[in-house]
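One structure below.
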Amino acid sequence: MGTSSVMRAVVRRVASLGLALALIALVAVSARADADARLQLRLTTEAYAGMPIGLQVVADGFEENPAPTQPTLTIAGATVQALGVQPSVSQSIQIVNGRRYESREVRWVFEYRILIDKPGSYDIPALSLTQGAHHAASQPTRMNVGELPSTDDMRLELGVPERPLWVGERFPLSISWLVRRAPQDQQFTIPMMLDDTAFQITAPPVADPRQALAFPAGNGDVQLPYVRDEVDTGGQHYTRFTFTALVTPRKAGHLDLAPAQVVARLAVGQQDFFGRSDTRLYRALDKARSIEVKPLPLTGRPASFAGAVGESFSIGVRASRTVVSLGEPVDLDVTIKSATRLDALSLGTLDGLPADRFSVPADPPAGVLSEDGLTKTFTVPVQVVGPANEIPAIAFAYFDPAKGTYATIKSDPIALQVKGTAVVGAADVVGAQKPKSGGAAPAAASSELSLVGAELALSSPGDAFATPLAGSTLWAVLAVLYLLPLGIFGFRWWQVRTATARGEASEVRDARERVAAAMARAAKEPARETASELSAALRALARAVGRPSGDGDRVIEAIELESFAPTAASAPLSAAVRAQVEAAMKAWLAAPRGRSVAAVAALLAILLMPAIARADGDRTVQARAAYDLAMTTTAPAQRQAAFARAAAAFAAAIDEHPDGAELLTDWGNAALQAGDLGTATLAYRRALAIDPGASRARKNLDWLRGRAPTRLQPTGGAATDALFFFHRTWTKSRRLVVGAGAFAIAILLLAPWGLRRQRLRRGFALPALAVWLAMTISVLVQRDATDDAVIVETTVLRAADAASAPAAMVTPIPAGIEVAVIERRNGWSRVTVPDGTAGWLPDGAVAMVTPPTK
């Protein structure tokens, strides 16, 4: 028994010793694991009051997975924002004595942004981090925060609306930074941009990354573009950088914001030999601000409201097809336009589609934003589940912050044919029109216009690109037509005035001297002895100056008749005959030699030739083929759609050749048969602006004008159209060239070519001068059409530049009406309609007759 007791005691002691050894090993392993894990704190920026202070907590010795939770950092008297964690994993491989060693290091970097308003000493408490068996803690430390000096060489100003704002209302925040010395290492602190719970910050598109700077916003940075200019303020000259951020309030309430500030290094002291100088940190403060944000009212909120806030919206809907069978889908492209960016816009429910006819997805679609951010298109697949003859108008609701009320706009209905039902021609609805401005009532239009009386044939293929003279070619032709005749006139005048002093060519001079010598003998010696010599000298002179055969025969006959007179054996040649000889010789010497007149006439003919037509391009060939295909289509809906595609093809061709009047007319014909009266009128007006003699465009435009309401038809032509018949049918360049040609002819007729027919030439010069004067007056009194425009979509004329403004006219203005633009601002155009009524239209509803230069 004693032996067994001893054995049990030994076993108990061994077990206790094993347990103790196991506990010691576990503690050792744990201690070794904790010894590998450690936390380090380090500042990434200098610590100054009012500027963001960057702090990193670096954790080493932890595993890659799972990701540890970022420790919570609280500093008394400071605002701390956790910016997230950045893992860093490095792996190395070493081979020593043929053995391979691998090592893997994991580092977690936790980022913090600290804002402190007042300088002083601040305690940073100990932070701890735990990941499974790994645990580490940092030591508490103290951070000294200094105060930056201010300077007059740097200023900061914010532009914030002074009125109360609404939740969801986007407004531009203007940040003006003024400096007098070159800054470095700038850091901006805009409290409004840092509070991402109260404000959403969006950066406008950055065209040039070199013209943008980073601003802290929320948990990261945004790149804001700037505009640089020079200003004088407070008696000092500054370089100003103006930044713009788009801010949207997220919650309602009264918000007190600390002053915004910028900290930057500015040069101090003198520059050294290399142009460098010491720098010092300075800061500039804006004033503290208060913002009142109102919640959107619940009263009167439409069912289709999805959070859109703004002063101007428009909606347009297009269907992928208008002929379907029951159960087939139709893609609806819902396009929303606004004067402000639509990054966060949601479509909401499609209010207006009956559930017994159309099935709509429950989830709202994601929109596609345009490049400028002002247009967003949502594609909604809609299934036709019941008989329908139209896709009803779709409503879009928004809140107008200027009025403080909700507004609803609707699209036009779209004609729809469901197989098995009657064909609908859209006499009561408008098929797939362009987006219509807010508040406009649907315009009644017919998909099958009665086009009797319109000239719808296309231009000849060789005439599509025929263009009048223009640009440098036109001015070169005008310069030649004006300067060349004046030069010839001056040269001839100089020749006549200096003919005696200059002396002629040797042949002419010898012939003239022979005539002079014969004349001297004929004045002294008997006529019978000198007549033959004088006649021969005159013939030689006529040949030398290029006179036609037989010219001067009358004078020679007079000499020969007198040589046979009874007194010719003793008396010299009579004074009368000698006078005839002198007159003929003077006329021959003064007349032009060569073919100057013929050469000038040939040159004028060449310059007055019409412009050479260019060959058709590939896009024009495609457009003409699309037009021909549309002409062969018989079903009304497909025919209209085919002509719409042809019109789009012609528009693409015109982008390459915008100065072809015949090509523009072809575009108008395609748009007219597609039912797009606005585009058709615009195309015809642009064609006539280039070539007023374009007969097809003139006829079809008159046809369209005759179908407009009487009060909206343009007034009759000006008095100049009746006084000058060519004012309405000739291009400006043609009138300029014809006038210059008439001027050239008049100057050439008035030039001193010789004594013969001088009065007749002056008589012909008077009509030429009259033509030149008429053409010049026609060009000078021509009305400038740069303000003319065309309504391209049916819309309501508003009394003010806002979609919620009252209507200036009882009924909407139909597409195709011609107006005059008075002014343009904030996405709206103030126009005058033909009956004299003035009002405002969205820019998208108005197209200028004179296209913008590219």
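The values are calculated or read from the model by the stated rules, or taken from the named source; none is laboratory data. Since the structure is predicted, the reported quantities are computational estimates derived from the model, not experimental observations. In this analysis, Cβ positions are derived from the backbone assuming ideal geometry, glycine residues included, and neighbour counts consider all displayed protein chains. We work out accessible area using only protein heavy atoms, side chains counted, and drop any ligands, DNA or RNA first. Shrake-Rupley method; radii C 1.70, N 1.55, O 1.52, S 1.80 Å.
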As a test question: what accessible area, to the nearest 10 Å², does Thr248 have when a 1.4 Å probe is rolled over all protein chains in place? 10 Å²
If you average the sequence gap of Cα pairs under 8 Å that are 6 or more apart and divide by the length of segment 205-359, what percent do you get for the contact order? 14 percent
Rounded to the nearest whole Å², what accessible area per residue is found for segment 178-243 with the 1.4 Å probe? 51 Å²
Quote to one decimal, in nm, the extra length available between Asp655 and Glu513 on full extension: 0.36 nm per residue of separation minus the C-alpha distance between them. 44.1 nm
At R0 = 60 Å, how high is the FRET efficiency between Ala288 and Ala476 if r is their beta carbon distance? Nearest 0.05 is fine. 0.35
Sum up the charges of everything whose Cβ sits under 15 Å from the Cβ of Gly220, counting Lys and Arg as +1 and Asp and Glu as -1, but leave Gly220 out. -3
Gyration tensor on Cα atoms of segment 78-119, a ≥ b ≥ c root eigenvalues, a/c under 1.5 rounded, else prolate if a/b beats b/c, else oblate, says prolate
Residue-level accessible surface for Leu749, protein heavy atoms, 1.4 Å, Å²: 40 Å²
Relative packing of peptides 537-545, 161-169 - highest average C-beta neighbours within 10 Å first: 537-545, 161-169
Can you classify segment 120-206 as rounded, prolate or oblate using the Cα gyration tensor, where a ≥ b ≥ c are the square roots of its eigenvalues, rounded means a/c under 1.5, and otherwise it's prolate if a/b beats b/c and oblate if not? oblate
For Lys294, counting only aspartates and glutamates whose alpha-carbon sits under 14 Å away and dropping same-chain residues fewer than eight positions off, the answer is Glu162, Glu169, Asp400
On full extension of the chain, what length is gained from Val89 through Met809, given 0.36 nm per residue of separation minus the C-alpha to C-alpha distance? 252.2 nm
Report the semi-axes of the equivalent ellipsoid for segment 503-543 in whole Å, largest first, where each axis is √(5λ) for an eigenvalue λ of the Cα gyration tensor. 20, 10, 5
